[in-house]
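The values are calculated or read from the model by the stated rules, or taken from the named source; none is laboratory data. Because the structure is predicted, anything quoted here is derived from the model rather than measured. Every residue, glycine as well, gets a Cβ built from its backbone with ideal geometry; the counts of neighbours run over all protein chains shown. These accessible areas exclude ligands, DNA and RNA; they are computed on the full protein's heavy atoms, side chains included. Shrake-Rupley method; radii C 1.70, N 1.55, O 1.52, S 1.80 Å.
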Amino acid sequence: MPTATADDGTTLRYAVAGEGADPPVALVNDAGFGAWAWGWQHEPLAGRRRVVTYDHRGTGDSGAGGATDIDTLVGDLSAVLAAADAKPAHLVGFGLGGAVAMRYARDRGVRSLALVGTCAGDDIDEDGLGRCYPDGADEAAVRATLPALFSDAFRDADPSLLERVVDWRRAEDARPRARRAQVDAWLDFEPEPLYELTTPSFVLQGTGDPAVGRRTAERLAEDLPRGRFEAIAGRRLAHVESSRPVNDALAAFFDEVDDGG
């Protein structure tokens, strides 16, 4: 598995799917989640594009590193994109990853922004976000997070998938200390004036997300000069639950931007 080296020497594990010549896509994850949470996008969005995903410091096989804040995570993203030869990219940011993507886009430039379940730090429902994380490492604690991540209908439809999710969370998610640092980085995030962020932007929001409300996401899209909004069925991991319409919408958005839209 390839790795990139951050400015402070931290090793960051990343993966690349696809070999296409169209502008690449980078998937930037939420606080605490391992790369498994992009498993429904990483390969499906590839083909004509190379798609990059990676683990934040302290997550999965990436090193723990030092202090964690938005600027450090922006530097990590830059290191991964450079190592993967994926600049400039379409950035897709989930939760904390959306904050990282917005800061990166403002400071360094990207082809487009897609923001999933994200907002400024003071708009986060901290209690709802907390329900997405286990209060222990045992199987029961991880299983207790599933209602915050997926709707009842989705959980009932494929119990075997939920068993795999529990295994993935236990094996790949951030260690507790690193997760807390990542969550704090998002809670502390205050975006610069959004009217200055003129990148084409697409805000997608789960209809039952316990951490970010629909109206919060709609305001984010309204405040971005080239923003648009789309609601998607599901809870915190709505991009998993509604992966097919999400992937279709993202692919169409990337094509539109690349065509000059």
Condition (residue is open to solvent by 40 Å² or more (accessible area, probe 1.4 Å) and assigned to a loop (DSSP other than H, G, I, E, B)) applied to segment 209-224: is it met by at least one residue?
no
Result of the Cβ filter at 8 Å on segment 119-140, keeping first residues that are at pLDDT below 95 and open to solvent by 40 Å² or more (accessible area, probe 1.4 Å) and partners that are of a type in the set (D, E) and part of a loop (DSSP other than H, G, I, E, B), at least 6 apart or interchain, is D122/E190
(1) open to solvent by less than 40 Å² (accessible area, probe 1.4 Å); (2) within 27 Å of G109 (Cβ to Cβ) all hold for D255 apart from (1)
Is it true that V92 is crowded, with 19+ Cβ neighbours inside 10 Å, out of contact with any Phe, Trp or Tyr (no Cβ under 7 Å at 6 or more places or on another chain), free of Cβ contacts under 8 Å to residues at least 40 places away in the same chain and of a type in the set (A, V, I, L, M)? no
Given the criteria under 21 Å from V28 (Cβ atoms), part of a loop (DSSP other than H, G, I, E, B), open to solvent by 30 Å² or more (accessible area, probe 1.4 Å) and not aromatic (F, W, Y), does E192 qualify? yes
Selection from segment 158-178 of residues in contact (Cβ under 8 Å) with a residue 40 or more places away in the chain, part of a helix (DSSP H, G or I) and open to solvent by 50 Å² or more (accessible area, probe 1.4 Å) yields W168, A171, E172, R177
Out of (1) closer than 22 Å to D71 by Cα; (2) open to solvent by 20 Å² or more (accessible area, probe 1.4 Å); (3) at pLDDT 95 or above, the one R108 does not meet is (3)
- Query: Regarding A64, is this residue closer than 20 Å to R177 by Cα and either surrounded by fewer than 20 Cβ atoms within 10 Å (Cβ to Cβ) or without any contact (Cβ under 8 Å) to a residue 24 or more places away in the chain (or both)?
  - Reply: yes
Checking P176, P245, P210, P200 in turn, the sole residue that is modelled with pLDDT under 95 and either under 17 Å from the mean Cα position of the chain (by Cα) or not aromatic (F, W, Y) (or both) turns out to be P176
